[in-house]
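Written out below as structure tokens is the structure these notes cover.
Here, each number is a calculation from the coordinates, and none is a lab measurement. Treat the numbers as computed from the prediction; the structure is a model and nothing was measured. Using ideal geometry, Cβ is built from the backbone for each residue, glycine included, and neighbour counts are taken over all protein chains shown.
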Amino acid sequence: MDYLAGKQSVRLKEPVYIMGHACVAGKKEGEGPLGKYMDLVVEDSLFGKENWEEAESEFLKNAGEIAIRKAGKTPDNIRMGFCGDLLGQMIASSFGMKDLDIPFYGVYGACSSAGVAISLAAMAVHGGFADMAMAGCSSHFASAEKEFRYPLAYGNQRPYSATWTVTGAGACILGNGQALSSALLSSGTDKKYNILVKGFTTGVIKDYGVSDVFNMGASMAPAAADTIYQSLKDFHMEPGDFDCIATGDLGAVGQKLLFSLLEENHLDISRVHMDCGMQIFDEEKQDTHAGGSGCACSALVLSSMILPKLQTGEWSRVLFVPTGALLSQVSANEGRSIPAIAHAVWFERSMP
């Protein structure tokens with residue numbers, strides 16, 4: 001049991017590799033700063049389907065297919081998949097994974113689902129329950145607006161604290177040493193298999209009484225602060241030990257609150273902090289107000305920016321902290337507050 005670290009973290013003793021990763025983005029996301037790094041940009045927000053929900057499933061399926069192909073594998077090689085989304089009963093994930101025919105676990109962490117899925121997939125691989133596992137998540141601007149706020153046809157005004165739900169999906173393929181050896185035999189190189197999942201921190205639900213569905217950053221900042229503080233404490237690390245501490249989708253409003261809350265614990269992460277929601281869109285050219293949000297927000301930035309920087313050696317160690325607001329149609333309509341959670345995943349570039 002020596003892999004347990006501190007109060008709520010796990011340090012993986014055996015290597016868990018990122019074998020492949022992919023991101024599929026919508027048109028608006030493709031027009032943003034990271035658009036040229038996406039594996040696929042889909043101009044049609046319906047992705048050739050009849051409704052937004054079916055389109056979101058198609059985004060996830062394509063992200064999974066590309067990630068598996070980049071890992072040099074086929075769906076038959078993937079022992080199990082962990083995926084999540086924002087829709088009721090996680091229909092985007094279940095319908096998206098259906099055609100891949102991979103043993104499937106649906107997971108829910110709202111916009112923190114990327115962290116949930118990667119943590120569970122890493123546990124499965126590290127524990128010997130799977131030699132390869134998939135972690136994925138998706139979101140869609142139109143399906144999320146319909147689910148949680150107002151249908152697009154309503155034409156409501158969005159306050160400046162609001163974030164823009166990212167349309168797209170991301171997927172990672174995680175593997176153990178045996179999977180790596182098999183991949184090396186088929187590819188002849190180890191250059192693209194140099195990223196490890198070193199550990200993760202499971203978040204605790206935090207509720208500071210925020211009930212404004214147009215200010216998710218304020219509801220999620222306390223959870224992000226708590227998880228970052230606990231992760232650093234559990235792993236006996238300082239902010240400067242990481243090249244980047246990346247939160248999921250706090251946006252400009254949530255980032256300020258995050259810094260303020262961490263200051264109460266004498267922590268300053270401002271020099272290494274990056275919020276995925278502030279990277280996915282161009283603040284000056286794209287009308288997204290406080291930034292991006294949604295499950296796909298952190299997943300797209302992870303695959304298009306964070307993991308490539310680790311692969312090339314520009315970064316050596318990253319703490320990836322997707323954030324999630326745990327509300328539903330029911331709780332929002334009842335006027336209840338918005339609890340939130342954040343999960344941290346420690347990625348590190350392996351030395352040659």
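Projecting label points 7 angstrom from Cα along Cα→Cβ for S350 and F259 puts them 3.7 nm apart. Between region 36-52 and region 313-331, the alpha-carbon centres lie 23 Å apart.
Can you list the DSSP H helices in the chain whose Cα atoms extend at least 24 Å along the helix axis and whose mean Kyte-Doolittle hydropathy is 0.0 or higher? Sorted by number, the helices that extend far enough and score high enough are 216-234. Evaluated over region 12-184, the count of Lys pairs having alpha-carbon atoms less than 26 Å apart is 28 (only pairs 8 or more residues apart or interchain). Using the Cβ-Cβ distance between E43 and S316 with R0 set to 35 Å, the FRET efficiency from 1/(1 + (r/R0)^6) comes to roughly 0.45. Ordered by the count of other Cβ atoms within 10 Å of each Cβ, fewest first, T202, T74, T165, T323 give T74, T202, T165, T323.
Look at H140, H21, H236, H126 and count the other Cβ atoms within 10 Å of each Cβ; fewest to most, that gives H236, H126, H21, H140. Distance between the pseudo-spin-label points of K13 and D76 (7 Å out from Cα toward the beta carbon): 3.5 nm. Given the alternatives (i) 31, 62, 6; (ii) 34, 60, 6; (iii) 27, 56, 15, 3, 0, P(r) over Cα pairs in 20 Å bins from 0, in percent as computed for this entry is given by (ii). Find out how many positive minus negative residues lie around D99, taking Lys and Arg as positive, Asp and Glu as negative, among other residues whose Cβ is under 11 Å from that of D99. So the surrounding residues net to -1. Which value at 222 nm does the chain reach when only helices count, each DSSP H run of 4 or more adding -39,500 (n - 2.57), with the total divided by all residues and rounded to the nearest 500 deg cm²/dmol? Mean residue ellipticity at 222 nm (helix-derived): -9500 deg cm²/dmol.
Neighbour counts of other Cβ atoms within 10 Å put L326, L319 in the fewest-to-most order L326, L319. In this calculation the C-beta distance from S94 to V213 is compared with R0 = 25 Å, giving a FRET efficiency of 0.50. If you plug the beta carbon distance of Y3 and N51 into 1/(1 + (r/R0)^6) with R0 = 30 Å, you get a FRET efficiency near 0.10.
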